[in-house]
1. Just to make sure I understand: if all protein chains stay in place, what is the order of E115, E48 by accessible area at 1.4 Å, largest first?
2. Suppose the chain between V42 and Y57 were pulled fully straight at 0.36 nm per residue; how much longer would it get relative to their current alpha carbon spacing?
3. Round to a whole number: what % of the accessible area of the range 52-115 belongs to carbon and sulfur, probe 1.4 Å?
4. Multiply the residue gap between L137 and I90 by 0.36 nm, knock off their C-alpha separation, and tell me the result in nm, one decimal place.
5. Compute the signed sum of charges (Lys and Arg +1, Asp and Glu -1) over the other residues within less than 12 Å, Cβ to Cβ, of V100.
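The values are calculated or read from the model by the stated rules, or taken from the named source; none is laboratory data. The structure presented is a predicted model; accordingly, all values stated were derived computationally and were not measured. When we count neighbours, we look across all protein chains shown, and the Cβ atoms used for this are built from the backbone with ideal geometry, even at glycine. Side chains are part of the model used for accessible areas, which takes the heavy atoms of the whole protein and leaves out ligands, DNA and RNA. Shrake-Rupley method; radii C 1.70, N 1.55, O 1.52, S 1.80 Å.
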Amino acid sequence: MLPAWALFYVRHLRSGDDLTSIHQLGTAPPIREVFMNWFILVVAGLFEIGWAVGLKYTDGFTRIWPTVCTVLSMIISFGLLGIAMKSLPIGTAYAVWVGVGAVGTAILGIVLLGESANPMRLLSLGLIVAGIVGLKLATPA
């Protein structure tokens, strides 16, 4: 089964519409823009991991350089999330952003901070990843 965005293009190709004119009318974002916004969304999630882990190293915002890096990561993460939402549905974009951040932060907690890596925790992280993939596959944009 084709994703909704592909069905949109197939429908318009069958009707003889020129896809360039469809994009100019603004009825669908260009495929390249959509893929770029997915990439930007993942990068925003990576910066979310940076600020979430960075919070641990700020010592309650008492250490200047970890605090500066954390705040910069927050600004970049939110900014990239806003850019990615230009052509992605808000619910999907936000859920993917949070999911990438949550999984990455949990993994870094295990690797850097010696947090538990028990099977139930790893299974739960796998379910979050499955949810992120499912949202990507089910999103029409």
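1. On the way: E115 75, E48 25 Å².
In descending accessible area the options line up as E115, E48.
2. Numbers: separation 15, 0.36 × 15 = 5.40 nm, distance 2.32 nm.
Extending this stretch completely gives an extra 3.1 nm.
3. Numbers: 2610 of 3510 Å².
Of the solvent-accessible surface of the range 52-115, carbon and sulfur hold 74 percent.
4. Details: separation 47, 0.36 × 47 = 16.92 nm, distance 1.53 nm.
Here the answer is 15.4 nm.
5. On the way: positive: K136; negative: E48.
After counting each charged neighbour, the total is 0.
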